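For reference, the structure discussed in these notes is given below.
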Amino acid sequence: MNIIVIALLVFGLFFFLAGAIGIMRMPDFYSRLHPAGKLDTLATLAMVMGLAVYNLNQITLGTILISLKMFLIVFFVSLASPTATHTIVDAGMRAGLRHWTKKKQRG
Amino acid sequence: MRVIAFIIVCLTGALLLYGTTEFPDWGDPKSPASLHVSNYYIEKTYEDTHAPNFVTAVVTDYRGFDTMFETAVIFTAGLGCFLLLRDFREKKEHYYQHIPTGVILHLKDEKKSLPVGKEFGYMDKEWVPPDLINKTVCRILIPFIQIYALYVVAHGDYSPGGGFQGGVIFGSSLILLAISYDLKTLVKRIKERLLGIFAALGVLIYAGTGVLCLFMGGNFLDYGKLAPLLPGHSDHIRAYGMLVVEIGVGIAVMAVMTIIYINIVSEGRHDEGL
């Protein structure tokens with residue numbers, strides 16, 4: 001059981017790290033939103049799943065309920081986070097922000 | 001110039017870091033903050049009030065006057081926003097949408113207006129169609145946000161939370177409605193008059209609880225004297241009193257948040273905005 005928990009947490013941490021690096025390293029507004037929106041959702045899913053499994057070490061009604069509540073967090077994050085990303089991209093498009101291209105194509 | 005600014009920032013930062021060396025350690029029992037009344041709160045709060053969360057007990061019972069005037073400050077903020085920004089003048093130009101065809105009409109004569117109903121609808125100058133994804137997701141999320149806000153208000157004396165937080169969450173759910181649809185949807189659902197009444201009602205609930213305690217023979221905000229009015233065991237009466245004033249705070253904060261948002265985004269006209 002612990003191995004599964006550790007694997008899920010490390011998986012989640014890896015994606016959080018990749019998302020953070022992506023936000024720092026990507027060249028422009030739209031491509032920075034890609035790791036911010038996508039990897040965070042997956043990483044949250046993995047981390048909370050790990051915590052929910054860790055919480056189930058004794059299977060009683062109480063721990064099962066708490067694990068279900070944790071999955072509610074995942075549900076709402078995975079509903080809200082892509083929508084927020086979509087909205088920010090939409091706002092960028094409406095404000096007329098050009099997407100990034102390689103410099104030689106631009107010239 | 002930049003170099004001088006950089007040096008000044010570094011010096012100030014070093015000075016602040018130097019200042020922190022004299023702070024007491026984390027959780028130091030001999031630090032000045034934990035010498036006087038903290039011990040009393042930690043040891044006696046449950047005996048005194050039967051509220052498991054003694055932060056709430058300190059905020060709304062031991063220091064109830066402070067929180068009452070904080071609520072009054074929030075009410076004053078909403079009032080100030082209303083008085084400074086609210087603009088009742090008619091607009092010079094009107095935009096209408098002919099609903100069956102979707103054609104947008106622009107009336108430049110300020111005296112003329114079209115009847116708004118089935119045929120014509122209001123239209124904003126900077127109108128953009130609300131995004132379908134946004135609308136759908138917000139329509140799903142808003143009820144859950146509001147339920148969560150009510151939960152936070154209702155559990156203020158049992159778990160972290162309380163009136164201010166719950167009120168802010170509820171207010172932000174209303175603001176989310178205005179952002180995801182448009183401002184008119186929100187103004188149509190919650191009239192300005194109702195928001196004003198709510199903002200005042202919240203403060204009235206708080207202060208009224210205090211006055212009620214006076215009438216029952218105690219001091220102002222002495223919830224223990226309310227025991228004959230409320231059901232349940234009289235030990236828990238102070239926790240109930242806290243719950244009542246938290247509800248008042250929540251209503252006031254919710255209304256004031258929404259008033260401030262509506263007035264700022266529509267420049268006081270309450271017709272169009274974000």
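The values are calculated or read from the model by the stated rules, or taken from the named source; none is laboratory data. Note that this is a predicted model, so its numbers are computed, not measured. Methodologically, a virtual Cβ is constructed for each residue, glycine included, from the backbone with ideal geometry; neighbour enumeration extends over all protein chains shown.
Structural remarks
- Check on A:Phe11, under 11 Å from the mean Cα position of the chain (by Cα) and of a type outside the set (A, V, I, L, M): no
- Exclusive hit being touching a Phe, Trp or Tyr at 6+ places or on another chain (Cβ under 6 Å) and polar (S, T, N, Q), set B:Thr76, B:Thr45: B:Thr45
- Of all residues in the stretch B:227-245, those satisfying the criterion of being over 15 Å from B:Tyr62 (Cα atoms) and either surrounded by fewer than 16 Cβ atoms within 10 Å (Cβ to Cβ) or touching a helix residue (DSSP H, G or I) at 6+ places or on another chain (Cβ under 6 Å) (or both) are B:Ala227, B:Pro228, B:Leu229, B:Leu230, B:Pro231, B:Gly232, B:His233, B:Ser234, B:Asp235, B:Val244.
- Filter result (outside any helix (DSSP H, G or I) and among the polar types (S, T, N, Q)) within the stretch B:235-274: B:Ser266
- Single match in B:Leu105, B:Leu114 (criterion: touching a strand residue (DSSP E or B) at 6+ places or on another chain (Cβ under 6 Å) and not in a strand (DSSP E or B)): B:Leu114
- Top-ranked residue in the stretch B:131-148 [being in contact with a Leu (Cβ under 8 Å, 6 or more places away or on another chain) and not β-branched (Val, Ile, Thr); ranked as nearest to the other protein chains (Cβ to nearest Cβ)]: B:Leu141
- Enumeration of residues in the stretch B:104-130 that are touching a helix residue (DSSP H, G or I) at 6+ places or on another chain (Cβ under 7 Å) and without any contact (Cβ under 8 Å) to a residue 40 or more places away in the chain: B:Val128
- Candidates A:Lys102, A:Lys69 - the one that is of a type in the set (D, E, K, R) and within 13 Å of another protein chain (Cβ to nearest Cβ): A:Lys69
- Residue check: A:Met93 meets all listed conditions (1) surrounded by 14 or more Cβ atoms within 10 Å (Cβ to Cβ); (2) within 14 Å of chain B (Cβ to nearest Cβ) but one, namely (1).
- Count of the stretch B:171-229 residues which are small (Gly, Ala, Ser) and closer than 24 Å to B:Ile74 by Cβ: 11
- Candidates A:Ala20, A:Ala84, A:Ala36, filtered to the one that is part of a helix (DSSP H, G or I) and more than 24 Å from A:Arg98 (Cβ to Cβ): A:Ala20
- Within the stretch B:74-84, none of the residues are hydroxyl-bearing (Ser, Thr, Tyr), at pLDDT 80 or above, closer than 30 Å to A:Ala95 by Cβ and not in a loop (DSSP other than H, G, I, E, B).
- Tally, over the stretch B:246-265, of residues that are within 19 Å of B:Gly64 (Cβ to Cβ) and not aliphatic (A, V, I, L, M): 3
- Looking only at the stretch B:136-170, residues that are among the small types (Gly, Ala, Ser), crowded, with 22+ Cβ neighbours inside 10 Å and either in contact with a Cys (Cβ under 9 Å, 6 or more places away or on another chain) or assigned to a helix (DSSP H, G or I) (or both) come to 4 in all.
- Flag for B:Tyr96 being among the hydroxyl-bearing types (Ser, Thr, Tyr), in contact with a Leu (Cβ under 7 Å, 6 or more places away or on another chain) and more than 11 Å from chain A (Cβ to nearest Cβ): yes
- Residue in the stretch A:74-85 that is within 14 Å of chain B (Cβ to nearest Cβ), exposed (fewer than 15 other Cβ atoms within 10 Å of the Cβ) and modelled with pLDDT under 85 present: no
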